[in-house]
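All remarks here apply to the structure that follows.
The values are calculated or read from the model by the stated rules, or taken from the named source; none is laboratory data. Every value quoted in this text rests on a predicted model; they were computed, and no experiment measured them. Here the Cβ positions follow ideal geometry from the backbone for every residue, glycine too, while neighbour counts run over all protein chains shown.
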Amino acid sequence: MATVKAAILGFGTVGQGIYHIVNERKEQLAARTGAPIEIAAILVRNLDKPRPDTPGVLVTDRFEDIFAVPGLEVVFEAIVGEEPAGTYLEQAIKAGCHVVTANKVMYAKAGSSLEALARELGTGVGYEATVAGGVPVIKTIENLNLANEVTGIQGILNGTSNFILTKMRKEECTFADALKEAQELGYAEADPTNDVSGFDAFCKLMILSGLAFGEQPEWERVPMDGIDNLTLDEVVDADRQGLRYRHIADVRRGEDGEIQASVGPVLIGPDHPLYGIDGVDNAVAIETAYAGTLTAIGPGAGMYPTATVMVEDAAVLLLKHPFRKLVTE
Ligand SMILES: NC(=O)C1=CN([C@@H]2O[C@H](COP(=O)(O)OP(=O)(O)OC[C@H]3O[C@@H](n4cnc5c(N)ncnc54)[C@H](OP(=O)(O)O)[C@@H]3O)[C@@H](O)[C@H]2O)C=CC1
Ligand SMILES: N[C@@H](CC=O)C(=O)O
């Protein structure tokens, strides 16, 4: 049977989720897109790490091996950091592949050039998973900007920070214990600095700004703070007064036409729309010209919520672009 050949770059929390969903949903994907997707190759950094079995799949630590797969059509990217991820995706697009990524640190910087390259070469880029995990905020904003207009976005964009703040408030758990649990659950990055310093939410906000307003503010001018300076006493005291700390990212075009953005913890009361968002959930409130404020809420991190939107992205790209490389064995 003819199949769409795909590769996964990175086989940690997200990469493994993609592998499971593509296999568990093989028939459904084939029925919807016209051909089954087959994971043909997986790129990792350390071949000696114990991993789940992936029978018949090439597992390699050499990026060149990925392109040796005949008829490779989709590259899922779930590795960490700006490079080599950006270069890998550029090469994948140049090789005629659709690319789907969850890597917001890379995409906040390289997204617009990757999209331009893909447009020029007739392939597609999917990046729903770069912002708010399983919450379909990218598709929503893309659609809204066709006829409506997004005027502002405010949200909780880091699942780990929200999870930690919730555990501190509800269980009087220490920051360190809550972070450890977020790592065990696959929410936090392997190096959680970006989660707790605010940089992860910042990168997501920059991606949203580019999508909603066609530009990002100058990065150095955006005030950015994380939850790493909040103490357990501050969180618990606030709760006793009926207030909650939320890590909030906000972007909008100011009256002077400039993009205004900020990222940091904010103390809010029960009348604030983000007051009730607990645990690993993210919430994105999108202010629009014609439909008021639309708020999407759901899991902002984790294996399956993230992987499922990546597989959806791939299916959408395969539907949009006629199959060019179906491989029959
Ligand atoms: N976890 C989550 O909930 C979410 C994560 N993301 C993003 O998805 C990406 C993956 O996250 P996650 O799965 O949690 O991360 P993990 O740390 O669990 O996995 C990362 C994987 O990438 C591999 N890797 C890292 N660097 C390289 C490299 N240079 N070459 C080849 N392989 C490499 C690692 O290999 P090895 O195993 O050999 O070390 C590992 O398999 C990140 O960009 C993250 O920000 C986005 C949304 C949610
Ligand atoms: N570490 C991130 C994962 C998803 O982007 C988070 O906690 O939000």
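Could you tell me whether the range 8-26 includes any residue that is touching a strand residue (DSSP E or B) at 6+ places or on another chain (Cβ under 9 Å) and either assigned to a strand (DSSP E or B) or not assigned by TED's automatic domain parsing to the domain that holds VAL125 (or both)? Scanning the range 8-26, I find at least one residue that is touching a strand residue (DSSP E or B) at 6+ places or on another chain (Cβ under 9 Å) and either assigned to a strand (DSSP E or B) or not assigned by TED's automatic domain parsing to the domain that holds VAL125 (or both), so the answer is yes.
The number of residues in the range 167-188 that are part of a loop (DSSP other than H, G, I, E, B) and surrounded by fewer than 22 Cβ atoms within 10 Å (Cβ to Cβ) comes to 5. Quick check on ILE164: is it more than 15 Å from ligand 1 (Cβ to nearest atom), in a helix (DSSP H, G or I) and either at negative phi or in contact with a Pro (Cβ under 8 Å, 6 or more places away or on another chain) (or both)? Here the answer is no, as ILE164 does not meet what is asked.
For the range 201-230, the set of residues classified as in a loop (DSSP other than H, G, I, E, B) and either farther than 23 Å from ASN143 by Cα or of a type in the set (S, T, N, Q) (or both) consists of GLN216, GLU218, VAL222, PRO223, ASP225, GLY226, ILE227, ASP228, ASN229, LEU230, listed by residue number.
For the structure I just gave you, tell me whether VAL284 is in a strand (DSSP E or B) and in contact with an Asp or Glu (Cβ under 8 Å, 6 or more places away or on another chain). The answer is no for VAL284.
Quick grid of which residues meet (1) in contact with a Leu (Cβ under 8 Å, 6 or more places away or on another chain); (2) within 16 Å of ligand 2 (Cβ to nearest atom); (3) assigned to a helix (DSSP H, G or I):
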| residue | (1), (2), (3) |
| --- | --- |
| LYS49 | no, no, no |
| GLY56 | no, no, no |
| VAL69 | yes, no, no |
| GLU82 | no, yes, no |
| ALA108 | no, yes, yes |
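Scanning the range 73-92 for residues that are surrounded by fewer than 24 Cβ atoms within 10 Å (Cβ to Cβ) and more than 18 Å from the chain's Cα centre (by Cα), we see that the one that is nearest to ligand 1 (Cβ to nearest atom) is THR87.
Would you confirm whether any residue within the range 209-219 is within 14 Å of ligand 1 (Cβ to nearest atom), under 22 Å from VAL135 (Cα atoms) and surrounded by 23 or more Cβ atoms within 10 Å (Cβ to Cβ)? Within the range 209-219 (the criterion being within 14 Å of ligand 1 (Cβ to nearest atom), under 22 Å from VAL135 (Cα atoms) and surrounded by 23 or more Cβ atoms within 10 Å (Cβ to Cβ)), the answer is no, since none of the residues qualifies.
Among the criteria (1) more than 30 Å from GLY257 (Cα to Cα); (2) surrounded by fewer than 21 Cβ atoms within 10 Å (Cβ to Cβ), the one ILE164 does not fulfil is (2).
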